[in-house]
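Please read the structure below before turning to the comments.
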Amino acid sequence: MFHFPKNQKLCSRKAIELLFKKANNISEEPLQFIWNLEEKRDVQTKTMIIVPKKKVKLANKRNELKRKIKEAYRLQKHDLEFVLKQNNKQLNLAIIYQAQEIYNYNVLAKKINVLLKRLRDSL
């Protein structure tokens, strides 16, 4: 089963504020990536996943979407981490779900793959 360790979660208030102030942005319906680079610390990526209550009303649906997004991200992030390791950088990333309808896992995985390729190319 998927494990999302604490050191890979973006939870520092300072880091989150900095992320949203000085962020780069790419999007592919229904997802948006907001990211910035820092000098490397302990891990290559720190991630937060946001499913707004305004878009998805039911908590169980929001949690289901978060689990799907986390799993798709986990399976596809290795190439990105390799590039970051070579450049000695750390990526702070917010993945925001922007649709009101609930997409299935396959659609989310394809969209995350597209966004990760674009992100990797822009580094």
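Could you please let me know if Glu29 is open to solvent by 30 Å² or more (accessible area, probe 1.4 Å), farther than 23 Å from Cys11 by Cβ and charged (D, E, K, R)?
Working: open to solvent by 30 Å² or more (accessible area, probe 1.4 Å): yes; farther than 23 Å from Cys11 by Cβ: yes; charged (D, E, K, R): yes.
Taking the combined requirement at face value, the residue satisfies it.
Conditions tested, residue by residue: (1) outside any strand (DSSP E or B); (2) of a type in the set (D, E, K, R); (3) on the phi > 0 side of the Ramachandran plot.
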position	(1), (2), (3)
Glu17	yes, yes, no
Phe20	yes, no, no
Arg41	yes, yes, no
Ile49	no, no, no
Pro52	yes, no, no
Val56	yes, no, no
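Just name the residue that is most open to solvent (accessible area, probe 1.4 Å) out of those in the range 84-103 that are under 13 Å from Val43 (Cα atoms) and part of a strand (DSSP E or B).
Within the range 84-103, the match that is most open to solvent (accessible area, probe 1.4 Å) is Lys89.
Just checking, how many residues over the range 53-90 are over 20 Å from Ile112 (Cα atoms) and among the charged types (D, E, K, R)? So that I can check it myself, show each step before the final result.
Here is the first cut: in the range 53-90, the residues over 20 Å from Ile112 (Cα atoms) are 53-54, 57-60, 85-89.
From the residues that got through so far, the ones that are among the charged types (D, E, K, R) too are 53-54, 57, 85, 89.
Going through the range 53-90 one residue at a time, the tally reaches 5.
Do we have Ile50 as under 17 Å from Leu119 (Cα atoms) and touching a residue at least 24 places away in the same chain (Cβ under 8 Å) here? So that I can check it myself, show each step before the final result.
Values: under 17 Å from Leu119 (Cα atoms): no; touching a residue at least 24 places away in the same chain (Cβ under 8 Å): yes.
Here the answer is no, as Ile50 does not meet what is asked.
Of the conditions (1) in a helix (DSSP H, G or I); (2) surrounded by 13 or more Cβ atoms within 10 Å (Cβ to Cβ), Asn106 satisfies every one except a single condition; which number is it?
(2)
The values are calculated or read from the model by the stated rules, or taken from the named source; none is laboratory data. Computed from a predicted structure; not experimentally measured. Backbone-built Cβ (ideal geometry, glycine too); neighbour counts: all protein chains shown. The protein model used for the area step is the full one, side chains on, heavy atoms only, and it has no ligands, DNA or RNA in it. Shrake-Rupley method; radii C 1.70, N 1.55, O 1.52, S 1.80 Å.
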